[in-house]
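S.K.: Dropping a structure here in structure tokens format, bear with me for questions.
Here, each number is a calculation from the coordinates, and none is a lab measurement. These numbers were taken from a predicted model, which means no experiment stands behind them. Cβ: placed from backbone, ideal geometry, glycine included. Neighbour counts: every protein chain shown.
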Amino acid sequence: MMLLLLAAGLIGGIVNALAGGATLITFPAMLAAGLPPVIANASNAVAVAPGHLIAALVDRGQLPAPDRRLVLAMVVAAVGGAAGGALLLALPDHLFLLPVPALIGGSTLLFAVGPWLQARAGRWRGGRLLPLGLASIYGGFFGAGLGIILTMVLSLDPQAGIRAVKALKNLLATCVSLAAIVLFVARGAVAWPETLVMLAGALAGGYAGGHLIRVLPARLVRVGVIAVGTVLSVVYALRIWF
């Protein structure tokens, strides 16, 4: 099973570097390794979190000045992530397991239509603290598709350039993940042997993906992730709901 987790982390790291959507691969691998659903989700969050942080550091030059608005957004993201993590830990395994097929299926759908939604997000208007808070709660609870949701929320600002939006998305996703992870670690909800194996694979995959992005079309990777997510949502629906 450790080889499965290492391979899932490796593939997930590559996928995140090329197109995003690693959780659709890594979370089911944690379940397949025999971890209880809540522990699997918390452990997966720890294993894939460095991807957001590394991306934010790499593109830190595109981040806005550290003014009151940025600090407030980071605080909202962290509080929302902690709230989502607390909600996850409050659920018994059997209650969290019930929506898993829908979470995987919904995240796959969101991943599939993400480019279409992001292309139209800049046309939207309105405040973003409330949607940022809701997105952060979701991110702390499950996390798949969080990057797409945050990109849409941040695009509510019509003056934001796409690269600046991506950089800020990675920073806020890091805040969400770290807040939830602190809670998971404090509550002893992380299976460390499995997590560290997957984390090692994810770091290697992220490095490899940085090179593969030059030759491997992101569109091809997206199609593969969507296919895997669709199959997994059907498989888990058959196991859990029928």
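S.K.: Place the peptides 226-232, 165-171 in order of packing, highest mean first, counting for every residue the other Cβ atoms within 10 Å and averaging per peptide.
M.R.: 165-171, 226-232
S.K.: Next up: Using the per-residue mean of other Cβ atoms lying within 10 Å as a proxy for protection, in what order, highest first, do the peptides 180-192, 30-42 fall?
M.R.: Highest mean packing first, the order is 30-42, 180-192.
S.K.: Under the rule of -39500 (n - 2.57) per DSSP H run of 4 or more residues, summed and divided by the residues of the chain, what mean residue ellipticity at 222 nm is obtained, to the nearest 500 deg cm²/dmol?
M.R.: -26000 deg cm²/dmol
S.K.: Could you give the length gained by full extension between residue 219 and residue 109, i.e. 0.36 nm per residue of separation minus their alpha carbon distance, to one decimal place?
M.R.: 38.1 nm is the gain from fully extending residue 219 to residue 109.
S.K.: Please report, largest first and rounded to whole Å, the three semi-axes of the ellipsoid equivalent to the chain, where each semi-axis is the square root of five times an eigenvalue of the C-alpha gyration tensor.
M.R.: 26, 20, 18
S.K.: How many percent of Cα pairs in region 41-81 exceed 11 Å?
M.R.: Tail of the P(r) past 11 Å holds 72 percent of the pairs.
S.K.: For residue 192 and residue 94, calculate 0.36 nm times their separation in residues minus their Cα-Cα distance, and state this gained length in nm to one decimal.
M.R.: That works out to 33.1 nm of additional length.
S.K.: Can you tell me the FRET efficiency between residue 237 and residue 185 if r is taken as the Cβ-Cβ distance and R0 is 41 Å, rounded to the nearest 0.05?
M.R.: 0.85
S.K.: Quick check: pseudo-label points 7 Å beyond the Cα along Cα→Cβ at residue 71 and residue 59, how many nm apart are they?
M.R.: 2.6 nm
S.K.: Moving to a separate point now. Which of the DSSP-defined H helices in the chain satisfy a minimum axial length of 20 Å, computed from C-alpha atoms, and a minimum mean Kyte-Doolittle hydropathy of -1.0?
M.R.: 2-18, 68-90, 100-121, 162-186, 192-212, 218-241
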